[in-house]
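Student: Have a look at this one before I ask anything.
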Amino acid sequence: MKISIICCYFNEINLIKKNLLNSLSKINYLIQPEEIILVDNNSNDGTKEFLKENFENKINNVKIIFNDRNLGKGGSIKKASDEAKGDILCIFDIDEYEIEDLNSCIKNFINNNYDLVIGSRLLEINPNFLYKKNLYGVIILTKLINILFNLNLTDAAGATKVYRRELFNRIYINSNGFDFEFELICKFAKLNFKVSETVSKYQPR
């Protein structure tokens, strides 16, 4: 099955100057996706210009979407999902997560025939959260989703997600912000799609 990896950016000029080229090379070596879609959410710090100059039409399987206004992370993911070629869609934050863990999520997804796999930060020993209130919020929201939709998740807010494009096309996501993550899980679970987790190490900025 073809894999499309979606990475969203907003005002990330320092990050992409430092890490993006090496990260894209590592993704292509380790995962070999059909495409990597970079979405610039109408940045105003030079990110847009840097991507155009250094990455647009420079790497065969890298596609860049430039939003003409800020669509939010969820809105950017929805736009990229509509344009993606892959049978498997992956949401991935290069700056805070490990490419090896994304690869593990994809393998778990394929080997066990899941419909959605989430990279869980809370399956890791001593998870790295900067703020305790964020950790407690994730735990409470995840428990609520588990109760409402009969799931057994540890981290509904994990940013790494791997899902079937065919099934994603059957649902309508209202959210355009970070709440996209929760709505995606809830709607997959409501339709009894198979949802699971894989360990995902987290390095918050």
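The values are calculated or read from the model by the stated rules, or taken from the named source; none is laboratory data. Because the structure is predicted, anything quoted here is derived from the model rather than measured. Glycine gets a Cβ as well: all are built from the backbone with ideal geometry, and neighbour counts include every protein chain shown. To get the accessible areas, we keep the full protein, side chains included, count just its heavy atoms, and leave off ligands, DNA and RNA. Shrake-Rupley method; radii C 1.70, N 1.55, O 1.52, S 1.80 Å.
Student: What pairs can you find where one residue is in the range 56-67 and more than 7 Å from VAL39 (Cα to Cα) and modelled with pLDDT under 95, the other is of a type in the set (Gly, Ala, Ser) and open to solvent by less than 70 Å² (accessible area, probe 1.4 Å), and their Cβ atoms are less than 9 Å apart, with a gap of 6+ or different chains?
Tutor: Matching pairs, first to second residue: ILE59/SER25.
Student: If you check every pair at least six apart or on different chains, which have Cβ atoms under 8 Å apart with a residue in the range 92-111 that is within 22 Å of LEU21 (Cα to Cα) first and a residue that is open to solvent by 20 Å² or more (accessible area, probe 1.4 Å) and among the acidic types (Asp, Glu) second?
Tutor: ASP95/GLU12
Student: If you don't mind, another one. Just checking, does the range 18-35 include any residue being touching a helix residue (DSSP H, G or I) at 6+ places or on another chain (Cβ under 6 Å) and farther than 18 Å from THR160 by Cβ?
Tutor: No.
Student: Okay, next question. Taking the residues in the range 10-27 that are open to solvent by less than 40 Å² (accessible area, probe 1.4 Å) and without any contact (Cβ under 8 Å) to a residue 40 or more places away in the chain as candidates, determine which candidate is nearest to PHE92 (Cα to Cα).
Tutor: Filtering first and then ranking leaves LEU24.
Student: Okay, moving on. Just to be sure before I move on: is LYS52 in a strand (DSSP E or B) and open to solvent by 40 Å² or more (accessible area, probe 1.4 Å) in the structure I sent?
Tutor: Here the answer is no, as LYS52 does not meet what is asked.
Student: Does SER104 satisfy being modelled with pLDDT of 95 or more, closer than 23 Å to LEU167 by Cα, open to solvent by 10 Å² or more (accessible area, probe 1.4 Å) and part of a helix (DSSP H, G or I)?
Tutor: Here the answer is yes, as SER104 does meet what is asked.
Student: Can you tell which of ILE91, ILE27, ILE118, ILE59 is within 16 Å of the chain's Cα centre (by Cα) and either farther than 24 Å from ASN152 by Cα or of a type in the set (D, E, K, R) (or both)?
Tutor: ILE27
Student: Now for a separate question. Among the residues of the range 28-46, write down those that are surrounded by 13 or more Cβ atoms within 10 Å (Cβ to Cβ) and over 16 Å from ALA80 (Cβ atoms).
Tutor: Across the range 28-46, the qualifying residues are ASN28, LEU30, ILE31, GLY46.
Student: Could you look through the range 164-187, keep only residues that are in contact (Cβ under 8 Å) with a residue 60 or more places away in the chain and hydrophobic (A, V, I, L, M, F, W, C), and pick out the one that is surrounded by the fewest Cβ atoms within 10 Å (Cβ to Cβ)?
Tutor: For the range 164-187, the residue satisfying everything is PHE178.
Student: Something else now. Consider the range 188-205. How many of its residues are surrounded by fewer than 20 Cβ atoms within 10 Å (Cβ to Cβ) and closer than 21 Å to SER76 by Cβ?
Tutor: 2
Student: While we're here: Can you say whether ASP155 is touching a residue at least 60 places away in the same chain (Cβ under 8 Å) and acidic (Asp, Glu), as far as the supplied structure shows?
Tutor: When the stated conditions are applied, ASP155 does not pass them.
Student: Considering only the range 62-93, how many residues are farther than 16 Å from ASN169 by Cβ, part of a loop (DSSP other than H, G, I, E, B) and open to solvent by 20 Å² or more (accessible area, probe 1.4 Å)?
Tutor: 5
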